[in-house]
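Here is the structure we will look at, set down as structure tokens.
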Amino acid sequence: MKAYIHSPQENWIVDRIVREFCEDNSDIVSQNLQSADVIWAPAGWCIDQVSHIKLPIVSTIHHIVEQKQEQAEHIIKHDHAVTAYHVPNARTAAALSKITTKPIIEIPYWIKPESWSKITPREHEMARISLGVDTSVKLIGSFQRDTEGSGAVRPKLEKGPDIFCDYVEKLAQTEKKIVVLLTGYRRQYVIERLKNAAIRFIYVENAPADAMRWLYSALDLYVVSSRCEGGPQALLECAACGVPIISTPVGLAESILSHDSINSDLLLATPNTEIAAENIKTFHSHNLYQLYRDMLQKVAGK
């Protein structure tokens, strides 16, 4: 069985997922469609470029924002070409089952432990020095896009930037030395909120993938404030690196974090790195690759 994997080529997390899978499973990956038995479209919009091809297709749907009707419409438009869907969590599976009758296969994201090893105290110290942040400061991280892509500055509500800013602003009332570390595209909404609240921030725009672990190294806390998620990847990365993290109840949060680390009111959430470090072992790449291989082989009919 040979699988052709259609990368979005957008310098995004899905491109990293594709690259890692192809590198570590080269024996089943085909570089051309002529020798492929199955196509994997690893993001919803990738199906646009392959839906006309007469091969079995696995289409990954990371999350579904019910308020964005255009997302459901896009899935429906290409549903005829899809043999089976892949989703990373039960929430996405439940939402997708309302849209399609095609098979839905739930397999979570993986993380390569060799790429996201536990951060040492020395790495933490050096990262903070490089950013000019002293030990008296509480450095809080947010590394995902928060602003819609066109027109006026509007929050990307599924990512919960308003929830994040509400949390930081309330925290700043009792903890005066707070700095927020941002990276990623389109951070205008959070930047505007932080400026208005007179909260210091550091913005490393478009940080390369190989710099992400260094950015995590500087943190005292990472906050997932989303309303809807596939993962997010930060849950896996922080758990593997030993970065304290709290989250709203989204995506894979309950599978990775302790119960006390998850709350719709983030002020009530408490990080627990020990439980996260233990739970993340289930998500190591060598534990999950075979499930993806089995999925592709089943859809290919081989």
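With the gyration tensor restricted to C-alpha atoms of the range 147-227, the semi-axes of the equivalent ellipsoid amount to 19, 18, 12 Å, longest first. The portion of the accessible surface of the range 26-83 made up by carbon and sulfur, rounded to a whole percent, is 52 (1.4 Å probe; DNA, RNA and ligands excluded). Averaging 1/r over every pair of different alpha carbons in the range 1-50 and inverting the result gives a Kirkwood radius of 11.0 Å. Quick check: the angle from helix 285-300's long axis to the longest principal axis of the chain, C-alpha only, nearest 10 degrees? That works out to roughly 30 degrees. Evaluated at q = 0.19 Å⁻¹, a Debye calculation over the C-alpha positions of the range 96-255 (equal weights, vacuum) places log10 I(q)/I(0) at -1.29. Residues whose amide H falls under 5 Å from that of HIS284, counting only those 5 or more places apart or on a different chain, are ILE111, with hydrogens built in the peptide plane. Here is the P(r) of the range 46-137: all C-alpha pair distances, binned every 5 Å from 0, give 2, 11, 18, 15, 11, 7, 6, 9, 9, 8, 4, 0, 0 in whole percents. Can you send over the carbon and sulfur percentage of the accessible area for the range 255-302, probe radius 1.4 Å, protein chains only? The nonpolar share, carbon plus sulfur, comes to 48 percent. Expressed as a whole percent, the accessible surface of the range 140-236 that belongs to carbon and sulfur atoms is 50, based on a 1.4 Å probe. Each peptide in 55-64, 192-201, 117-126, 209-218 gets a packing score, the mean of other Cβ atoms within 10 Å over its residues, and the list from highest to lowest is 55-64, 209-218, 192-201, 117-126. Protection proxy ranking of 160-166, 108-114, by the mean of other Cβ atoms within 10 Å over each peptide's residues and highest first, is 160-166, 108-114. Using θ = phi - 60° in the Karplus curve 6.51 cos²θ - 1.76 cosθ + 1.60, the 3J(HN,Hα) couplings for the range 83-100 round to 7, 8, 9, 10, 10, x, 8, 5, 5, 5, 4, 5, 5, 5, 5, 7, 10, 9 Hz; x is entered for Gly and Pro.
Pairs with C-alpha atoms separated by more than 27 Å, drawn from the list LYS2/LYS112; LYS2/LYS102; LYS138/LYS159; LYS98/LYS156; LYS68/LYS298; LYS195/LYS281, are LYS68/LYS298; LYS195/LYS281. Computed with a 1.4 Å probe over protein heavy atoms only, the accessible surface of the chain comes to 46 Å² per residue. Projecting the Cα atoms of CYS46, ILE119, PRO103 onto the dipole axis of the range 21-126, where Lys and Arg carry +1 and Asp and Glu carry -1 at the beta carbon, places PRO103 farthest toward the positive end. With viscosity set to 1.306 mPa s and temperature to 10 °C, compute the Stokes-Einstein D of the range 177-302, Rh being the Kirkwood radius across alpha carbon pairs; µm²/s, no decimals. Taking Rh from Cα pairs, D becomes 98 µm²/s. With the convex hull constructed from alpha-carbon coordinates only, the chain shows a mean projected area of 15.5 nm² over all directions. Projected over every direction and averaged, the convex hull enclosing the alpha-carbon atoms of the range 1-90 yields 6.2 nm².
Here's the picture: charge each Lys and Arg Cβ at +1 and each Asp and Glu Cβ at -1 in the range 172-219, and of ILE178, ALA207, SER217 the one pushed furthest to the positive end of that dipole is ILE178. For HIS86, the residues whose amide H sits under 5 Å from its own are SER59, THR60, ILE61, ILE105, ignoring neighbours fewer than 5 places away on the same chain, with H placed 1.01 Å from N. For LEU267, the solvent-accessible surface with a 1.4 Å probe is about 80 Å², rounded to the nearest 10.
Is the shape of the range 233-302 best called rounded, prolate or oblate, per the rule: a/c under 1.5 gives rounded, else a/b larger than b/c gives prolate, else oblate, with a ≥ b ≥ c the square roots of the Cα gyration tensor eigenvalues? Prolate, since a/c reaches 1.5 and a/b exceeds b/c. In µm²/s, what is D for the range 99-162 at 10 °C and 1.306 mPa s, where D = kT/(6 pi eta Rh) by Stokes-Einstein and Rh is the Kirkwood radius from Cα pairs? Value of D from the Cα-based Kirkwood radius: 95 µm²/s.
The values are calculated or read from the model by the stated rules, or taken from the named source; none is laboratory data. Values in this document were obtained by computation on a predicted structure and should not be read as measured data. Glycine also receives a Cβ, built like all others from the backbone with ideal geometry; neighbour counts cover every protein chain displayed. To get the accessible areas, we keep the full protein, side chains included, count just its heavy atoms, and leave off ligands, DNA and RNA. Shrake-Rupley method; radii C 1.70, N 1.55, O 1.52, S 1.80 Å.
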